[in-house]
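The values are calculated or read from the model by the stated rules, or taken from the named source; none is laboratory data. Keep in mind that what you see is a predicted model, and the values were worked out from it rather than measured. Glycine also receives a Cβ, built like all others from the backbone with ideal geometry; neighbour counts cover every protein chain displayed.
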């Protein structure tokens with residue numbers, strides 16, 4: 001962990017979806033390791049609270065209301081990092097939403113929201129990060145994906161589709177970068193987050209709530225994966241990490 005701390009300390013890291021779940025846990029863990037974290041999320045009250053908790057442990061952070069469906073918001077988050085800290089070393093595209101339903105239920109508005117947040121939001125983050133990294137000549141993009149894109153199951157068709165798209169984009173970008181910047185995809189399995197609260201069907205929600213209670217791992221477990229990817233020497237690019245509960249199918 002000492003080597004990890006040495007490599008992460010002082011890095012300027014922007015995180016979308018930072019106000020809860022994986023984003024919140026990652027922000028706290030990176031701040032504890034000495035990173036300068038730039039927090040982006042939609043909920044101002046939670047951003048303020050997280051910023052206060054980071055500062056209370058001696059961490060360094062700033063924040064901005066950020067809706068990843070709006071590319072200007074994501075651009076502004078990266079601009080804040082550069083204005084406040086003078087550079088950007090890492091962007092973590094973490095914001096995501098899950099609506100679960102059969103495809104033939106035709107929940108078109110839910111599909112559009114998942115595409116806007118899970119896919120377009122990540123692309124906006126990639127674009128904002130690359131605008132800085134191309135000038136700096138270095139940088140690291142971390143995309144939080146999902147095991148739903150690895151094992152396809154009913155009710156997750158469109159959600160898994162957005163995550164598979166991000167996996168494809170991440171790998172293409174990694175190859176195109178030719179070592180100029182790093183690209184990592186991290187795929188969590190069942191994690192104790194608020195995503196399950198977005199499920200509208202009460203029966204489906206009950207099933208996923210039960211699974212979440214019985215087998216879900218902590219957001220800190222995913223944050224530790226982020227730390228691992230960031231703690232590698234410059235010559236090492238961790239392309240993909242899958243982190244799931246031991247008992248998950």
**Q.** Qualifying residues in segment 145-164 (those that are under 16 Å from the mean Cα position of the chain (by Cα) and in a helix (DSSP H, G or I)) - the one farthest from residue 249 (Cα to Cα)
**A.** 162
Q) touching a residue at least 60 places away in the same chain (Cβ under 8 Å) and surrounded by 20 or more Cβ atoms within 10 Å (Cβ to Cβ): does that describe residue 68? A) no
**Q.** Some residue of segment 213-232 being in a helix (DSSP H, G or I) and modelled with pLDDT under 80
**A.** yes
**Q.** Within segment 136-156, tally of residues that are more than 25 Å from residue 27 (Cα to Cα) and modelled with pLDDT of 95 or more
**A.** 0
Q: Would you check if there is a residue in segment 83-91 being over 30 Å from residue 233 (Cα atoms) and out of contact with any strand residue (DSSP E or B) (no Cβ under 8 Å at 6 or more places or on another chain)?
A: no
Q.
Looking at 81, 95 in this structure, which one is closer than 16 Å to residue 23 by Cβ and not in a helix (DSSP H, G or I)?
A. 95
**Q.** Residue that is farthest from residue 80 (Cα to Cα) [pool: residues in segment 1-33 that are part of a loop (DSSP other than H, G, I, E, B) and touching a helix residue (DSSP H, G or I) at 6+ places or on another chain (Cβ under 6 Å)]
**A.** 33
Q) When residues of segment 146-186 are filtered for being within 18 Å of residue 89 (Cα to Cα), in contact with a strand residue (DSSP E or B) (Cβ under 9 Å, 6 or more places away or on another chain) and surrounded by fewer than 19 Cβ atoms within 10 Å (Cβ to Cβ), how many remain? A) 2
